[in-house]
1. Regarding residue 124, is this residue touching a residue at least 40 places away in the same chain (Cβ under 8 Å) and either open to solvent by less than 50 Å² (accessible area, probe 1.4 Å) or hydrophobic (A, V, I, L, M, F, W, C) (or both)?
2. With respect to residue 41, determine if the residue is open to solvent by 40 Å² or more (accessible area, probe 1.4 Å), more than 23 Å from residue 69 (Cα to Cα), in contact with a helix residue (DSSP H, G or I) (Cβ under 9 Å, 6 or more places away or on another chain) and modelled with pLDDT under 85.
3. Please state which one of 12, 20 is modelled with pLDDT under 80 and surrounded by fewer than 11 Cβ atoms within 10 Å (Cβ to Cβ).
4. Tell me which helices (runs of 4 or more DSSP H) are completely within the range 60-179 and hold 2 or more residues being modelled with pLDDT of 85 or more, or say none if there are none.
5. List the pairs whose first member sits in the range 29-47 and is part of a helix (DSSP H, G or I), whose second member is open to solvent by 20 Å² or more (accessible area, probe 1.4 Å) and among the acidic types (Asp, Glu), and whose Cβ atoms are under 7 Å apart, counting only residues at least 6 apart or on separate chains?
6. With respect to the numbered conditions (1) surrounded by fewer than 12 Cβ atoms within 10 Å (Cβ to Cβ); (2) modelled with pLDDT of 85 or more; (3) under 27 Å from residue 136 (Cβ atoms), which one is the sole condition not fulfilled by residue 28?
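The values are calculated or read from the model by the stated rules, or taken from the named source; none is laboratory data. Nothing here was measured: the structure is a model prediction, and the numbers come from that model. Cβ: placed from backbone, ideal geometry, glycine included. Neighbour counts: every protein chain shown. These accessible areas exclude ligands, DNA and RNA; they are computed on the full protein's heavy atoms, side chains included. Shrake-Rupley method; radii C 1.70, N 1.55, O 1.52, S 1.80 Å.
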Amino acid sequence: AFATSRRGGDRATAMSADTASLVANARQQIARLLTQLADLEDAREEFDDDEYAETKAATLTQLDAFKTSLQRMTTGDVTLEDELATVKAATKAAIASAFRTPEVLKMFALRQPDELRERMKRAARDVMLGKMSAARGEVIRVEALTALKKLGSELEAEELEFLRAHMTRGLTDFVDAVE
């Protein structure tokens, strides 16, 4: 009986290690795809319209395939499903184009609330210095606040009010779909 229970414990440890490995791989994959989207947006002027559309479509196809793979992995495995919930939500948002800022989406997928807050500060500074349009700064702030809210971070009353006033339909759908 001792050997049997020990084997069962080893199997649970191995399953836990497998789950951790899958989660780490999933996070690396979503980070790679979101970085690819961000790089594409940053280098948009270097592409003609057809090249840009084709490259973006290819990346979104990869994201869709990744989403399908995540759905298969989580079927029947509640622990794994819990661990991958954030990655799945980020993938869904990318595919639906709810987030227009791949950098913010990447921080959300990798559960980086401090980096999200820092990105909001940099955007506000860039707007004040004239390096970024007010509209672009607003998009970054709305998306970062939405990501922070979904990660369970406490938002100040002013941040919640700003979010309510400026949330886009895509982000509203994203929040509703993941809750």
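1. Answer is no for this residue.
2. Yes, satisfied.
3. Of 12, 20, the one residue that is modelled with pLDDT under 80 and surrounded by fewer than 11 Cβ atoms within 10 Å (Cβ to Cβ) is 12.
4. Where helices (runs of 4 or more DSSP H) fall fully within the range 60-179 and carry at least 2 residues being modelled with pLDDT of 85 or more, they are 113-128, 134-150, 157-166.
5. 38/103
6. Against the list (1) surrounded by fewer than 12 Cβ atoms within 10 Å (Cβ to Cβ); (2) modelled with pLDDT of 85 or more; (3) under 27 Å from residue 136 (Cβ atoms), residue 28 comes up short only on (3).
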